[in-house]
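Undergrad: Have a look at the structure that comes next, please.
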Amino acid sequence: MSESGSRSRSVQKLRGRQLSFVWKESRRFLSPVLLVLFWQIASAGGFVSARILPSPAQLAHTAWGLIKDGSLPTNLLVSLERASIGFGLALGIGVILALISGLSRLGEDIIDAPLQILRTLPALALAPLFILWFGIGEEPKILLVTLGALFPIYLNLHKGIRSIDPKFLEMSRTLGLSRSQIIREVVLPGALPDLLLGVRYALGVAWLMLVVAEQVNAESGIGHMMMDAEDFLRTDIILVGLIVYGLLGLISDWVVRTGERWLLAWQVDGGKRV
Amino acid sequence: MNTFFSEPENGEPRAVDTTRSVHVSGLTRRFGDGPAVLDHLSLDIPSGQFVALLGRSGSGKSTLLRTLSGLDSVEYGEVARPKAVSVVFQESRLLPWKRVWQNVVLGQKGPEGKERALQVLKEVGLLHRVEAWPLTLSGGEAQRVALARALVRNPSFLMLDEPFAALDALTRIHMQNLVLSLWRKHQCTALLVTHDVDEALVLADRVLVLEHGRIKVDLPVTLPRPRRHAHPVFEQLRSELLHALGVQNA
């Protein structure tokens, strides 16, 4: 009796916790939803000209049309491909450079200075140069993304490696760990939080670089779709493109944050878990 | 089996003997042009002895310990010690990204790692925390894991660098008893660096006081264990040590 009672109570408690979880997760979306609603009302009431700012309903219609005729998926795929290749290259190169300069003084002397100099250049200003160097194909767009995303990854990982607590390194030496063991067991996992932070920054920069690259000179991609729309005064298509960019940024950030929760379980739930 | 290391001059340690004892002779260490931190220090610790090292801040305790643990190289003098050495530091120094048992067998090879971790974690009474993340441990638990990490390597020479300094008084008493029973069981030579005269007298066979890089007092403690603070000999030893440390009217 009492057992079933306590069980139902615990089920209740669980349900209560689920509800409060749903509320916590959903209330963050409340104000954006209200804003969209307000926008729709303002458009329908004729307060905003449809040429300047089409209504959300109209945008949904346009988006659906773009999806149906295949132009949105095709362009999205092209953009995604450029972003992922560019970002992948940045991740690979950034991690390798940070490892070299983080793990050896000589490496730092050789690698760090030029990267710090390059970092101060506004990467977007390199777009015309990249077009001259690499033509108007895929290379300049991918490489611009790579260049932009490289620095956050390199800088954060380098800092992470350098700020490993020397007490851990001492401890590892007294335990007789070899250099490669120390790198594998202590340095890399210790620098992982910084690397992930760098990855999040880098993703943001990657999308930014992509937008510019695709608007300067492109035959396809979301940016190209938007530039085309400008010629035909299609505000709605431009806005759809903006929304797609925004969603891409949100989704990629969410992916990294989920990865963080899993990779840094020792840290995130440090105070709670077993 | 236990290879011994001795340092000639400026060199890597070399194997010279096969027991568990520790020999230091003429060890001198200075940083830059400052005064010698260790000044022609000589010390012999016979196999299996539990030695406590007292001394005020700056007396050279840490430098001696770092040299014995192999973190600092020997510049002048000779040091011979067993190869199998473990150090327990004041902070547990557990890697927060490895679970408790992974910390215990860090760097150990072999597939039966977890089995061995479980075995020593049982000895320190932490079987219920095997899978825990270190950040969730209390200070006492973390130090017990650090102790388990030291013991899993079957050290011939166990060094403890103020291991209980950051713990509360009750936990400290538990830890002292634990260290004593583990020392008996594993029959290793032990060197405990501490600020606490009572702790030294409760645990050690012999208490050293270090001053200006030399051993000022070398006091055998022959009281049977467990030792009581109220024992007259204990009292007498304590005031002797406090006097040596510069505390008057103790």
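Here is a yes/no grid of residues against (1) open to solvent by 60 Å² or more (accessible area, probe 1.4 Å); (2) farther than 18 Å from A:LEU242 by Cβ:
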{"position": "A:SER26", "(1), (2)": "no, yes"}
{"position": "A:SER43", "(1), (2)": "no, no"}
{"position": "A:PRO54", "(1), (2)": "no, no"}
{"position": "A:GLN58", "(1), (2)": "yes, no"}
{"position": "A:THR62", "(1), (2)": "no, no"}
{"position": "A:GLY65", "(1), (2)": "no, no"}
{"position": "A:LYS68", "(1), (2)": "yes, yes"}
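Undergrad: Within the stretch A:188-202, track down each residue that is away from chain B (no Cβ under 14 Å) and open to solvent by 60 Å² or more (accessible area, probe 1.4 Å).
TA: A:LEU197, A:ARG200, A:TYR201
Undergrad: Which of the residues that make up the stretch B:94-135 are open to solvent by 30 Å² or more (accessible area, probe 1.4 Å), within 10 Å of chain A (Cβ to nearest Cβ) and at pLDDT 90 or above?
TA: If the condition is that a residue be open to solvent by 30 Å² or more (accessible area, probe 1.4 Å), within 10 Å of chain A (Cβ to nearest Cβ) and at pLDDT 90 or above, then B:TRP97, B:LYS98, B:ARG99, B:GLN102, B:HIS128, B:ARG129, B:GLU131, B:LEU135 are the ones that fit.
Undergrad: Select, from B:GLU131, B:GLU235, the only residue that is of a type outside the set (A, V, I, L, M, F, W, C), over 13 Å from the mean Cα position of the chain (by Cα) and within 23 Å of B:LYS98 (Cα to Cα).
TA: Selected residue: B:GLU131, the only one of B:GLU131, B:GLU235 that is of a type outside the set (A, V, I, L, M, F, W, C), over 13 Å from the mean Cα position of the chain (by Cα) and within 23 Å of B:LYS98 (Cα to Cα).
Undergrad: Same structure again: Looking at the stretch B:79-93, which of its residues are in contact with a Ser or Thr (Cβ under 7 Å, 6 or more places away or on another chain) and within 10 Å of another protein chain (Cβ to nearest Cβ)?
TA: B:LYS83, B:ALA84, B:VAL85, B:VAL87, listed by residue number.
Undergrad: Here's another thing I want to ask about it. In the stretch A:170-187, which residues are open to solvent by less than 30 Å² (accessible area, probe 1.4 Å) and either in contact with a Pro (Cβ under 6 Å, 6 or more places away or on another chain) or touching a residue at least 24 places away in the same chain (Cβ under 8 Å) (or both)?
TA: A:VAL187 - this is the single residue of the stretch A:170-187 that is open to solvent by less than 30 Å² (accessible area, probe 1.4 Å) and either in contact with a Pro (Cβ under 6 Å, 6 or more places away or on another chain) or touching a residue at least 24 places away in the same chain (Cβ under 8 Å) (or both).
Undergrad: Go through the stretch B:147-160 and count every residue that is farther than 9 Å from B:VAL104 by Cβ, open to solvent by less than 10 Å² (accessible area, probe 1.4 Å) and facing chain A (nearest Cβ under 10 Å).
TA: Looking only at that region, the number is 2.
Undergrad: Could you check, for the stretch A:74-90, whether at least one of its residues is more than 30 Å from A:ALA191 (Cβ to Cβ) and open to solvent by less than 30 Å² (accessible area, probe 1.4 Å)?
TA: yes
Undergrad: While we're here: Identify all residues within the stretch B:183-223 that are surrounded by fewer than 17 Cβ atoms within 10 Å (Cβ to Cβ) and farther than 26 Å from B:ARG144 by Cβ; write none if there are none.
TA: Scanning the stretch B:183-223 gives B:HIS212, B:ARG214, B:LYS216, B:VAL217, B:ASP218, B:PRO220, B:THR222, B:LEU223.
Undergrad: Out of the helices (runs of 4 or more DSSP H) lying entirely within the stretch B:139-250, which hold 3 or more residues that are free of Cβ contacts under 8 Å to residues at least 40 places away in the same chain?
TA: Once the helices (runs of 4 or more DSSP H) in the stretch B:139-250 are filtered for at least 3 residues that are free of Cβ contacts under 8 Å to residues at least 40 places away in the same chain, what remains is B:139-151, B:169-186, B:232-244.
Undergrad: Moving on to the next point. Give me a count of the residues in the stretch A:86-114 that are in contact (Cβ under 8 Å) with a residue 40 or more places away in the chain and within 17 Å of A:TYR201 (Cα to Cα).
TA: Number of matching residues: 9.
Undergrad: Can you pull out the residues in the stretch A:178-211 that are touching an Asp or Glu at 6+ places or on another chain (Cβ under 7 Å) and farther than 20 Å from A:TYR245 by Cα?
TA: Across the stretch A:178-211, the qualifying residue is only A:LEU196.
The values are calculated or read from the model by the stated rules, or taken from the named source; none is laboratory data. Note that this is a predicted model, so its numbers are computed, not measured. Note that each Cβ is placed from the backbone with ideal geometry, even for glycine, and that neighbours are counted across all protein chains shown. SASA here: full protein model, heavy atoms, side chains in, ligands and nucleic acids out. Shrake-Rupley method; radii C 1.70, N 1.55, O 1.52, S 1.80 Å.
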